[in-house]
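No lab work stands behind these numbers, since they all come straight from the coordinates. Predicted, not measured: the structure shown is a model, and the values here were computed from it. Here Cβ is always computed from backbone atoms with ideal geometry, including for glycine, and neighbour counts include all displayed protein chains.
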Amino acid sequence: MSHRVPPTALARVSLSGAMALSLALGLAGAAAANTSDTFVINDLIERTYGCGVVETTQIVGRGTARFDGDGNWLSTSIHLTYDGTFTDPATGRTIPERSSQNITEKDGLIATRGQGTFLRVAGEGIVLHDVGRLVFDPIDGSTVSATPKVIPFDEVDIGAKIDAAVCGMFD
């Protein structure tokens, strides 16, 4: 997926799902008439933030690509689960992250629904929250529609905001 390389966890969660859709379409291959092909995604994301905090997240997905009677692709749906940790190597302190999303691609658009990254720190409350529905164009990442708590890919300074939020968890 070449929309925009997201430098942070929230964009990664949604964007990884879109990447999974593209991968799934490629893996589905030629389909027989009126079929659906199922597939599994298993990936590991490792990212270091500006303050040195390291994120390690396992992504597991189960999906289905659907085809019409002529074998033409109609849609793809994927359920993704993210299970990870943020670790400050200077102190050894870790903060777990677990979230999931449902992603569909149909009619040239990708829609994400559910929980993106959700991080709650004891004594501080919620520090990262990306939840709701986002519909975007996979070609350029532009937002078609979004609910109020979704962080879209085309928000100009989202990378810096998320980097600051992740690093702020360890201050």
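Scalar couplings 3J(HN,Hα) for region 132-147, obtained by applying the Karplus form with A = 6.51, B = -1.76, C = 1.60 to θ = phi - 60°, are x, 10, 10, 10, 9, 8, x, 5, 10, x, 6, 6, 8, 7, 7, 7 Hz; x denotes Gly and Pro. Among Glu105, Glu155, Glu55, sorting on how many other beta-carbon atoms sit within 10 Å of each Cβ, with the fewest leading, yields Glu155, Glu55, Glu105.
Order of Asp154, Asp70 from fewest to most other C-beta atoms within 10 Å?
With the fewest neighbours first, Asp154, Asp70 line up as Asp70, Asp154.
Look at Asp88, Asp43 and count the other Cβ atoms within 10 Å of each Cβ; fewest to most, that gives Asp43, Asp88.
Full extension of the chain between Gln58 and Arg98 yields a length gain of 13.4 nm, computed as 0.36 nm times the residue separation minus the alpha carbon distance.
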